[in-house]
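Below is one structure; the comments refer to it alone.
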Amino acid sequence: MGHRPALALHGGAGVLPQERFPSDLADSLQAELLRCLAEGWAVLHAGGPAVEAVCACVAALENIPWFNAGHGAVLNADGRVECDAAVMAGDGRCGAVAGIRSVRQPVHLARRLLEEPGLVFLAGAGAEAYARREGFEAVEESYFVTAQRQQELAQARKTGTVSLDTAERFGTVGAVACDGQGRLAAATSTGGLTNKIPGRIGDSPVIGAGTYACDDSCAVSCTGIGEVFLRQVVAHDIAARLRYGGQSLKAAVETVVLDELPALGGEGGLIAVTPAGELVLCHNSPSLYRAWQRADGPPQAAIF
Ligand code: ASP
């Protein structure tokens, strides 16, 4: 091996303060986060690549309706699902999809593109046609839709908001990993924002904004108000601070998440890892659903 594996995942930035958060729900959520973490850790433990570990975590999170990705993705202003996902390996390979609604695991389609020479990013009907050509089973849009998300859309329509701020909201999902060979990877998957304009794409599937990995610096997966993360090209900015500025991961992440983003209205957070297996998980929102594990320690989960 040589390097010390490390893995972290997030289930999005939350808006409820701890005192208003149902404690039984917090327990169940943390158990689910740990279960998804174990899927990725099993890959690293067996000597597998970081990119496979992050996809295993994100695919597991996509299956949980609490989270805003895959089954349980939020609905746009037309009441439709539009899923976005991206995967990047630290050697520069990457794949991304946006606005898809017929692929059960959007992260797997992004991963397929990562393996495709000469292609990175596909959206909408073209992405779905590609999925069919590549043998991905077509699922009905109803597979993604839950009663909870329908209620949230009704509420957002009433208040006229495009919003992260429904009380029950759980977010976007993502993972970052360093494997036993020091290779990095990041993956992010989301339904975007409730009541978003059809066609709106946030930071999550945009390489460098919501998702980025470079074996020389770090791997990053973000969550929060996508427009601000896009404008700031947050994930690449973190890597650039390490690469060109010589900052530590902790200093880079804290400057961006705790100083710069709040000044611009960028509520949210991110998770990041270096080739040395250093993990940083940071948020300026009331919570960040998260779990992590290092080679020398037990799996851990936290919300606040
Ligand atoms: N960043 C995502 C987006 O703007 C939303 C989120 O992280 O909750 O699409």
Could you please find all residues in the stretch 7-59 being part of a strand (DSSP E or B) and over 22 Å from A89 (Cβ atoms)? G11, G12, A13, G14
Based on this model, can you work out whether G124 counts as at pLDDT 95 or above and more than 24 Å from C55 (Cα to Cα)? no
Pull up the stretch 290-303, narrow it to residues that are at pLDDT 95 or above and in contact with a His (Cβ under 9 Å, 6 or more places away or on another chain), then point me to the one that is most open to solvent (accessible area, probe 1.4 Å). R290
Hey, among the residues in the stretch 187-197 that are touching a helix residue (DSSP H, G or I) at 6+ places or on another chain (Cβ under 6 Å) and within 18 Å of A96 (Cα to Cα), which one's nearest to the ligand (Cβ to nearest atom)? S189
Kindly list the number of the only condition in (1) more than 23 Å from L29 (Cβ to Cβ); (2) of a type in the set (S, T, N, Q); (3) within 19 Å of the chain's Cα centre (by Cα) that fails for N284. (1)
Go through the stretch 212-230 residue by residue and tally those that are open to solvent by less than 10 Å² (accessible area, probe 1.4 Å), near the ligand (Cβ under 10 Å from one of its atoms) and in contact with a strand residue (DSSP E or B) (Cβ under 7 Å, 6 or more places away or on another chain). 4
Across the stretch 236-256, the tally of residues that are β-branched (V, I, T) and closer than 14 Å to L279 by Cβ stands at 2
Residues of the stretch 231-253 being in contact with a strand residue (DSSP E or B) (Cβ under 9 Å, 6 or more places away or on another chain) and either aromatic (F, W, Y) or within 8 Å of the ligand (Cβ to nearest atom) (or both), which ones? none
Total residues in the stretch 215-232, condition under 17 Å from D84 (Cα atoms), at pLDDT 95 or above, not in a helix (DSSP H, G or I) and not small (G, A, S): 3
Matching residues in the stretch 117-152 - criterion: being acidic (D, E) and either closer than 19 Å to A98 by Cβ or open to solvent by 70 Å² or more (accessible area, probe 1.4 Å) (or both): E128, E134, E137, E140, E141
Please go through the stretch 18-37 and give me each residue that is open to solvent by less than 40 Å² (accessible area, probe 1.4 Å) and in contact (Cβ under 8 Å) with a residue 12 or more places away in the chain, ordered by number. F21, A26, L29, L33, C36, L37
Criterion first (closer than 19 Å to G208 by Cα, crowded, with 17+ Cβ neighbours inside 10 Å, of a type in the set (V, I, T) and modelled with pLDDT of 95 or more) does V81 satisfy it? no
Taking the stretch 198-208 only, how many residues are farther than 11 Å from T188 by Cα, in contact with a strand residue (DSSP E or B) (Cβ under 8 Å, 6 or more places away or on another chain) and near the ligand (Cβ under 10 Å from one of its atoms)? 2
Regarding Q155, is this residue out of contact with any strand residue (DSSP E or B) (no Cβ under 9 Å at 6 or more places or on another chain) and surrounded by fewer than 18 Cβ atoms within 10 Å (Cβ to Cβ)? no
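The values are calculated or read from the model by the stated rules, or taken from the named source; none is laboratory data. Because the structure is a prediction, the values reported are computed rather than measured. Using ideal geometry, Cβ is built from the backbone for each residue, glycine included, and neighbour counts are taken over all protein chains shown. Side chains are part of the model used for accessible areas, which takes the heavy atoms of the whole protein and leaves out ligands, DNA and RNA. Shrake-Rupley method; radii C 1.70, N 1.55, O 1.52, S 1.80 Å.
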